[in-house]
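Student: Submitted below is the structure of interest, expressed as structure tokens.
The values are calculated or read from the model by the stated rules, or taken from the named source; none is laboratory data. Only a predicted model underlies this, so the values are computations on that prediction, with no experimental measurement involved. In this analysis, Cβ positions are derived from the backbone assuming ideal geometry, glycine residues included, and neighbour counts consider all displayed protein chains.
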Amino acid sequence: MVALRWPWVSCDLGRPLQQLQRGEQGGQVSDGTSGSRAGHWVLLSYRLPRDPSTPRITIWRKLKRLGVAQVADGVVGLPADARTREHVDWIADEISDLGGTATVWLAQPASLQQERQLVQTLADARADEYRSVMATAHQSRALPVNQRKRVMRRLRAELRRIQRRDYFPPAERQQARQAVDALHPDHDTDQEEPAS
């Protein structure tokens, strides 16, 4: 079994993914205080040739759609589960096909504080996206009903895209959903109520 340690991560390379996900003895890192342990992450370390730039941009866009956290230059991470592992593996294969190098790692942050920082980075990025949806929804409330419906459909699709990469939902998630739902004509408060 090979074990690697960097200041920001501890990797146990001799263990199957199923064992790591079940948290069996040996691949765990304790914070030294409460006995709590950091979770598992999938890391992708990659390098692509500078020219042409199109493959690098394509890969970066795919990684952004997954909602990765930038751990270091050329290293991104996601919480480990079957879905994220599969997506990262596909991107690693694509990087290799494009003439680059890519290595997928299963890892744990060396401390809970480091993991909390990664989680906060991901949650903050999603919160920014939800705030953008809320701003668009609020700006669209004054539009005519047919245009509001179009914006509502577009924003609901955007919410679904964001939620696919939202591993640690911030409070803004529910607020964005409510702001988009408020675009529905049934929520229209500007119309006069029928006279009794």
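Student: Which residues, taken from segment 101-114, are surrounded by fewer than 17 Cβ atoms within 10 Å (Cβ to Cβ) and in contact with a helix residue (DSSP H, G or I) (Cβ under 9 Å, 6 or more places away or on another chain)?
Tutor: Passing the criteria: 101, 103, 104.
Student: Please work out if residue 119 is part of a helix (DSSP H, G or I), closer than 30 Å to residue 40 by Cβ and in contact (Cβ under 8 Å) with a residue 24 or more places away in the chain.
Tutor: Answer is yes for this residue.
Student: Quick check: anything in segment 48-69 at pLDDT 95 or above, over 30 Å from residue 148 (Cα atoms) and part of a strand (DSSP E or B)?
Tutor: no
Student: Out of all the residues in segment 133-153, is one or more under 30 Å from residue 45 (Cα atoms) and either in contact with a Leu (Cβ under 9 Å, 6 or more places away or on another chain) or of a type in the set (Asp, Glu) (or both)?
Tutor: no
Student: What about residue 125, is it part of a helix (DSSP H, G or I) and exposed (fewer than 13 other Cβ atoms within 10 Å of the Cβ)?
Tutor: Values: part of a helix (DSSP H, G or I): yes; exposed (fewer than 13 other Cβ atoms within 10 Å of the Cβ): no.
So residue 125 does not fit the description; no.
Student: Working only within segment 128-142, note down all residues that are touching a Lys or Arg at 6+ places or on another chain (Cβ under 8 Å) and crowded, with 18+ Cβ neighbours inside 10 Å.
Tutor: 130, 140
Student: In this structure, does residue 133 turn out to be outside the structural domain of residue 173 (by TED's automatic domain parsing), of a type outside the set (Phe, Trp, Tyr) and at pLDDT 95 or above?
Tutor: No, not satisfied.
Student: Could you figure out which of (1) closer than 23 Å to residue 162 by Cβ; (2) in a strand (DSSP E or B); (3) modelled with pLDDT of 95 or more isn't true of residue 103?
Tutor: (1)
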